[in-house]
Every structure is written in structure tokens, then in C-alpha cells.
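The values are calculated or read from the model by the stated rules, or taken from the named source; none is laboratory data. This structure is a prediction, so every number in the text was calculated from the model and none was measured. Cβ atoms come from the backbone with ideal geometry, glycine included; neighbour counts cover every protein chain shown. To get the accessible areas, we keep the full protein, side chains included, count just its heavy atoms, and leave off ligands, DNA and RNA. Shrake-Rupley method; radii C 1.70, N 1.55, O 1.52, S 1.80 Å.
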Amino acid sequence: MGEFLLVSIQVDMHDKLAITLQDDLTTSIVKHRARGVLIDISSLEIVDSFIGRMLANIAAMSRVLDAETVVVGMRPAVAITLVELGMSLTGVRTALTVERAMDTLRASVATGAESGRGDAARPE
Amino acid sequence: MPRETGSRVVEILDKHERELLTSWLDRQLKASTLRRDLLQESEMREQSREFLRLVRDAAAKAGVEDVDTPAYEPVRELLRAISTERARKGFTSSETATFVFSLKEPVFARLRQEVGMDVGALAEEMWAANVLLDKLGLFTTEVHQQGRETVIARQAEEMLELSTPVVELWEGVLALPVIGTLDSARTQVVMENLLQRIVETGATIAIIDITGVPTVDTLVAQHLLKTVAAARLMGADCIISGIRPQIAQTIVHLGVELQSVITKATLADAFAVALQRAGLAVVRSRPQA
């Protein structure tokens, strides 16, 4: 069974929140034996190098726990900013919509799982 | 009493303004550089009269040595207006400058009459008049050029807006034919357009075709890679196509790393890859004749 976690970031991230999120997420991955993590940042309008690094960190942590990370729904302005900051998030998968991301994850997990259950871990 | 050089020029401008204007107009009307098709005679007369009057006033106030003084501001203002207007009407820069230079002949003729046989003084006065008119003439050229440059800048801006179309080749496949040199400003526009269209169409593959890019240097390559990285962050893979043989050589010689990007020689090849990725195939519907 492939199991995916969905993280929706809807508020501006700051240091503490990011650490809480990393804690929650790693715990959840282990608890649910998740194989994939979707980070939905479609409501994120402002990014800085900190958030970029946080996304990269989360991806790295998930990979250690054998779960793939897909960043979902990045806005054009956000993408341009990240590129200008020199953070192209290599090694992190991306998708435009949650459905697409699910497809990607399903394909990559490739265990023949029909559907993944989305758990919403939502900071505040 | 030692006279200041050029004082006779000032005197002549003051005393013989009317005669100068008449003979100057005469010459301008006969000259081949007068563009009757572009300029009304009455307008030219008016401009000449105004110019001569302003030069006279300025010369009386500040002499003929330096045209950068505030006294010459009205003259410069007029020349700027005339020059800009003529540039817009399609005059060449030399045709515009001739407007000022053609004043030399009447002034010199008048000087010869006034100064008479004193060769030394005559040479000095002529030189002073010559320098004054040269400076003013060159000023018109400068303004003329500035006028042209604004036109060029505006056209460049328009081209920037026109030349970055993003077209949908297939459902989920976008193509971005880049024409012209990719500088930072254009990259920004291209990137924004592309990302916007990716959001609108939900495309997963974007083909950047650089057939129309004349040269690729490290900067252009960097801009391309930035665009590719940004598209990737939006969940779309990029294929760079239309790489001409010379450009392939340049890229390798420059040591630009394009390893992380799929590159194809032609747009057709890139499109084939895109279709394959989407699990599609093109088949012949009729047997070949």
C-alpha cells in the first residue's frame, strides 16, 4: 500500500513553524509508513531563501525515510524568485496540481497501489 | 583698443539681421538639401527668422565663444525642437545640420564687406563665426541622433512585447519560439509568459525553440537554464530545440553545461519526445500513395 501525506502550507512560514512542520512530518512519515509527501504551496505568495531551504530540507529528510517529495502548485512569481535566488530545488519533484502529483508519486512508488490516502498535516 | 575676437560677428548679426536673413533664406531655398516634400516653405522661413533672432540675442549677451552658457539656452531649445521635428519627418542628420551650416555663407560674405582689407582681422572674425556655427550645427546633429535613438528604443520595447509568444502545440505541450537575442530583460518576459501559460494550460512539457536566437553565449545559456529551472519548479519539463550546428559548437567550446536539460536539434524531434512522454503516437491514417 502506498500512502501519501499531504502538507498544505497556507500561512507565512517562519523558523519555529518550519521546525514544527519538519518534526510533525518526519513523525507522520514513520507513523503512517508513508511513501510519498505532497507539499502544496499554492497559497504561498512570498518566498525567501529560508523557505527554499526548508523545502529542500523536507525533501531530503523524506528521502532518508524512503518517501518521495513532490512540491505542488508553485506560483510563477514564486518560481522566478527561487530561480533568481539560485535555488532550483534539484532533486525535488514538482507538479502543478495535487492530482498530477499523485499520479507522479503512484508511478514512482509503482507498487500497484490503486489509491493513496491523503492525510492532511496542516500547520495552524 | 584691442577688440575681442568675434565682436564684429556680433555686430553684424545685430546690424544686418534682415539682410542676413534674406540671403540665408535665398540660399536655403536654392539648396538641394531643402526637402520641399517634407517641409513647408513658410515654416522654414519662420524657423530661420526665429533662429537668427535668438542667436543675435545670445551673441549680444554672451559673445560667440561658448554656446554652453545659459544665454544660449533659447537657441539650443529652438534647435532641439527643429531637430526633433525634422528627425521625425524623415530628414537625415546632415540635412538637418545644413540648416545651420548654410548660414555661414551669408555671414562670411557680410564679414568680408564689413572688415574689408584687414586680412588678419577678417580671418579671425571668420574663424569665430565658423566655430559658433559649427558648434550649433553639431548640436543639431546630436539632438537629431537622440531623437532617432528614442525611436529605436521604443521599437525595441515593442518588439520585446511582440516577440515572445507561447503556443500550445498539443494538450499539455507548450512551445516557446524565441526570436532574437536573449538578454536579461527578455528572459524575464519570456519566463513570466511561459510560467503564466503553464498555469493556464496545465502543461507538463515546454519546448523552448532557439532557432531564432542568433548567438548563444554563456549569459544566454544561463538565462535559458534559469527559464528551464523555473518551469521545472512549476512541474513542467523543458526541452530545448532548434540548436544549430554552430551553436552546438559554441556551447561546447564555452563549456556550458546543458546536461540537465533535454536538447534536440529540431522542434519536430522535441515534439516527438513530448508526444512520447504523453503516451501518444502519430500514425498515418491513409496508406502512402
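In terms of accessible area, using a 1.4 Å probe and ignoring ligands and nucleic acids, B:Arg56, B:Arg36, A:Arg75, B:Arg284 rank largest first as B:Arg284, B:Arg36, A:Arg75, B:Arg56. Per-residue ellipticity at 222 nm computed for chain A from its helices equals -14000 deg cm²/dmol, with DSSP H segments shorter than 4 residues left out and the rest contributing -39,500 (n - 2.57). Dipole of chain B computed with +1 at Lys/Arg Cβ and -1 at Asp/Glu Cβ about the Cα centre; of B:Val100, B:Gln222, B:Gln28, farthest Cα towards the positive end is B:Gln222.
Modelled spin labels at B:Glu73 and B:Trp127, positioned 7 Å past Cα toward Cβ, are 3.2 nm from each other. Helical content alone sets the calculated 222 nm signal of chain B at -21000 deg cm²/dmol, taking -39,500 (n - 2.57) per DSSP H segment of four or more residues and averaging over every residue. Contact order for chain A, expressed relative to its length and based on alpha carbon pairs under 8 Å spaced 6+ residues apart, stands at 38 percent. For the protein assembly as shown, report the % of Cα-Cα distances exceeding 26 Å. Beyond 26 Å sits 68 percent of the P(r) for the protein assembly as shown.
Other chains' Cβ within 10 Å of A:70-80 residues: what's the mean?
Numbers: counts 1, 3, 1, 3, 7, 5, 13, 3, 4, 14, 10.
Shielding by partners across A:70-80 averages 6.
Of the residues A:Leu38, A:Leu65, A:Leu105, the one that moves most in a GNM of chain A with alpha-carbon contacts below 10 Å is A:Leu65.
For B:Ile239, nonlocal amide neighbours, meaning residues 5 or more places apart or on other chains whose placed amide H falls under 5 Å from its own, are B:Ala206, B:Ile207, B:Ile208. Annotation: amide H of A:Ser8 within the under-5 Å range of A:Asp40, A:Ala121, sequence separation 5 or more or interchain, hydrogens built in the peptide plane. Rounded to the nearest 10 degrees, the inclination of helix A:49-64 to the longest alpha-carbon principal axis of chain A is 20 degrees.
Sequence-distant contacts, meaning Cα pairs under 8 Å at least 6 residues apart, place the relative contact order of chain B at 14 percent.
Across region B:184-243, the mean sequence separation of Cα contacts (distance under 8 Å, 6 or more residues apart), normalised by length, yields a relative contact order of 50 percent.
On a full-extension model of 0.36 nm per residue, what is the gain between B:Thr211 and B:Leu162, subtracting their alpha-carbon distance, rounded to one decimal in nm? Don't jump to the answer; show the numbers that get you there.
On the way: separation 49, 0.36 × 49 = 17.64 nm, distance 1.69 nm.
Contour length minus the Cα-Cα distance gives 15.9 nm.
Report for the protein assembly as shown the percent antiparallel among DSSP-assigned beta bridges with both residues inside it, nearest 5. Working shown, then result.
Numbers: 3 of 33 bridges.
Once the DSSP bridges in the protein assembly as shown are tallied, antiparallel ones form about 10 percent.
Out of all DSSP beta bridges in chain A, what portion is antiparallel? Express it as a percent rounded to 5. Expressed as a percentage, antiparallel bridges in chain A total about 0. The mean number of Cβ atoms from other chains found within 10 Å of a Cβ in peptide B:220-230 is 3, as a whole number.
In region B:167-277, the DSSP beta bridges split such that about 20 percent are antiparallel, to the nearest 5. For the pair A:Ala60 and B:Gln188, a Förster radius of 30 Å applied to the C-beta separation gives a FRET efficiency near 0.50, rounded to the nearest 0.05. Distances between placed amide hydrogens fall under 5 Å for A:Thr69 paired with A:Val37, A:Arg93, all partners being 5 or more residues away or on another chain. In loop segments of region A:11-88 as defined by DSSP, the GluC sites (Glu not before Pro) with at most 12 further C-beta atoms inside 10 Å of their C-beta are A:Glu45.
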